[in-house]
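Trainee: Dropping a structure here in structure tokens format, bear with me for questions.
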Amino acid sequence: MKKIYLLLFFTAVNMYAQIPNRDFETGLGYGGENVASWGQPFSFAVSINPETGETIQDEITFGEQTLGMFCSAVPDPHSGEKAMLIRNGFNITTNTVLSAHVSLFNSEMSDFPSGWNVGIPVAADIDIQFLSFWYKFAPVGNDAAQATLELFNTEGESIGTAKIRILEPASTYTYATAPMVLSGIGGDPAFLRIDFALETEDTAAVFGSTLTIDDLAVNPSQLQTENFAQTGFLVWPTLASSEINILTNGNGLQAQNFKIANIEGKIVAEKQLQINSERSQKIDISALANGFYILSNDDGFTAKFIKK
């Protein structure tokens with residue numbers, strides 16, 4: 001059982017319903033353009049020559065120096081004007097790779113945050129079900145990347161985790177999503193942590209690898225609402241016991257064939273809806289087993305929901 005002992009008084013911290021700077025549009029603009037609320041605390045080995053008083057430190061490189069260190073706001077977005085690029089460093093003095101491990105901090109000035117990063121406070125009734133984002137990945141060799149969202153209760157116990165591993169190169173923006181897997185430990189959500197790393201449990205960091213991330217979301221309805229105008233559909237609720245609603249924005253209405261697949265990709269239900277007559281239709285899911293499902297239609301629309 002993973003447990004973190006809190007060093008904060010939650011009553012003194014504002015509760016966030018959304019992730020700060022989740023689209024990485026806010027850069028701090030010093031030492032390269034660092035990303036507000038995101039970073040990796042990193043200390044250089046520094047010593048002083050007692051005879052000359054000269055300061056001596058390891059020589060570190062990150063490649064293109066104008067991009068800052070481990071994470072940078074770059075003009076290469078999936079949407080908006082910026083995305084976040086993370087990369088490994090290299091200690092020339094010790095001939096070792098410095099693995100990028102970028103975290104979300106409850107502080108705008110994230111390069112050298114004070115104190116221990118216990119995460120972002122969240123309201124007890126916040127609906128966190130998924131970790132989702134768009135990415136580009138340029139690995140060197142067999143390098144891999146990993147994203148982790150972890151939710152904790154007021155006792156500092158881990159109550160759920162969503163984890164995404166990225167193994168294949170992606171030169172264009174690719175969508176990644178993973179459901180929250182509950183640990184079985186109860187309690188109301190109190191705070192969450194989000195981490196991106198260019199290293200996994202069974203791979204080592206390689207200098208030169210980069211991961212570009214944009215449009216991060218932890219609430220599927222938030223992400224679906226943003227894409228409503230583009231896809232034409234919205235599924236609600238995403239956590240349901242008996243039925244789900246399919247809403248349409250009214251553009252190009254016609255009969256639509258919807259399929260429901262389980263997490264293994266097997267089609268478990270199918271229904272044709274005449275959505276040209278009404279803006280909202282229901283699908284009965286009461287016969288489905290509890291679990292994670294993907295709803296799709298023939299036009300390429302997909303949405304995720306959980307049957308409880």
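The values are calculated or read from the model by the stated rules, or taken from the named source; none is laboratory data. What you see is a predicted model; the values in this text were computed from it and never measured. Every residue, glycine as well, gets a Cβ built from its backbone with ideal geometry; the counts of neighbours run over all protein chains shown.
Trainee: Here are some residues: Leu149, Leu131. Which one is within 27 Å of Ala240 (Cα to Cα), touching a strand residue (DSSP E or B) at 6+ places or on another chain (Cβ under 9 Å), at pLDDT 90 or above and not basic (Lys, Arg)?
Mentor: So the residue among Leu149, Leu131 that is within 27 Å of Ala240 (Cα to Cα), touching a strand residue (DSSP E or B) at 6+ places or on another chain (Cβ under 9 Å), at pLDDT 90 or above and not basic (Lys, Arg) is Leu149.
Yes/no per residue for (1) loosely packed, with under 13 Cβ neighbours inside 10 Å; (2) at pLDDT below 80; (3) of a type in the set (Ser, Thr, Tyr):
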position: Val218; (1), (2), (3): no, no, no
position: Gln222; (1), (2), (3): no, yes, no
position: Asn227; (1), (2), (3): no, yes, no
position: Asn245; (1), (2), (3): no, yes, no
position: Gly250; (1), (2), (3): yes, yes, no
position: Leu253; (1), (2), (3): no, yes, no
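Trainee: How do the pairs read when you match residues in the range 183-201 that are assigned by TED's automatic domain parsing to the domain that holds Thr161 and more than 13 Å from Lys163 (Cβ to Cβ) with residues anywhere that are part of a strand (DSSP E or B) and of a type in the set (Phe, Trp, Tyr), using Cβ under 8 Å and keeping only pairs 6 or more apart or on different chains?
Mentor: Pro189/Phe152; Ala190/Phe152; Phe191/Phe152; Leu192/Phe152
Trainee: Condition first: assigned to a strand (DSSP E or B) and at pLDDT below 75. Now tell me which residues in the range 26-85 satisfy that.
Mentor: Once the filter is applied, which keeps residues that are assigned to a strand (DSSP E or B) and at pLDDT below 75, the range 26-85 yields Val46, Ser47.
Trainee: So, in the range 177-193, of the ones that are touching a Lys or Arg at 6+ places or on another chain (Cβ under 9 Å) and not in a loop (DSSP other than H, G, I, E, B), which residue ends up modelled with the lowest pLDDT?
Mentor: So the residue we want is Pro179.
Trainee: So which residues in the range 135-158 are surrounded by fewer than 21 Cβ atoms within 10 Å (Cβ to Cβ) and assigned to a strand (DSSP E or B)?
Mentor: Scanning the range 135-158 gives Lys136, Ala138, Gln146, Thr148, Asn153, Glu157, Ser158.
Trainee: Right, here's the next one. Could you check the range 159-203 and list, in sequence order, the residues that are surrounded by 15 or more Cβ atoms within 10 Å (Cβ to Cβ), among the β-branched types (Val, Ile, Thr) and within 22 Å of Phe292 (Cα to Cα)?
Mentor: Matches in the range 159-203: Ile159, Thr161, Ile164, Ile166, Thr174, Thr177, Ile185, Ile194.
Trainee: While we're on this one: Just need a number here: residues in the range 66-102 that are more than 26 Å from the chain's Cα centre (by Cα) and surrounded by fewer than 16 Cβ atoms within 10 Å (Cβ to Cβ).
Mentor: 5
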